[in-house]
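So the structure is just underneath, and the comments pick up after that.
The values are calculated or read from the model by the stated rules, or taken from the named source; none is laboratory data. Bear in mind the structure is a predicted one, so any value in this text is a computation, not a measurement. Quick reminder, even Gly has a Cβ in these numbers, built from the backbone with ideal geometry, and neighbours come from all protein chains shown. Areas reflect the complete protein model, heavy atoms only, side chains present, ligands, DNA and RNA absent. Shrake-Rupley method; radii C 1.70, N 1.55, O 1.52, S 1.80 Å.
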Amino acid sequence: MSSQLGIKINRLRKEKGFTLESLAKAANVSKSYLWELENREVKNPSAQRLAIIAAQLGVTADYFLDDDTSQPEEKHLDDAFFRNYKNLGAQEKDQLRKILETFKKS
């Protein structure tokens, strides 16, 4: 029986166009581990693995752990965006700032 965690991972995986195999590879987990998360009641998934899976799906691990939220909320998406932003180089950050300025002007 799937848990809320499994349902969320499965739905986001499909929305983002990942196969079970492609997400497992991107998140550096085994396909069987990912299948278990999606289809079984996993008691204690690794926090580190859950964070990596969340990052690949564009959300935070907090979203997966929040049983009251069925869809990612703006705060989950914003946190994931800022996590990605922090990992960018100076040139990429500068490009994003310029893009943001053009949106603010219009």
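Regarding residue 63, is this residue more than 27 Å from residue 85 (Cβ to Cβ) and not charged (D, E, K, R)? No.
The number of residues in region 1-48 that are among the basic types (Lys, Arg) and either open to solvent by 60 Å² or more (accessible area, probe 1.4 Å) or over 18 Å from residue 62 (Cα atoms) (or both) comes to 6. Summed over region 49-72, residues that are open to solvent by 60 Å² or more (accessible area, probe 1.4 Å) and among the small types (Gly, Ala, Ser) total 1. The single residue among 98, 93 that is free of Cβ contacts under 8 Å to residues at least 12 places away in the same chain and either among the small types (Gly, Ala, Ser) or exposed (fewer than 11 other Cβ atoms within 10 Å of the Cβ) (or both) turns out to be 98.
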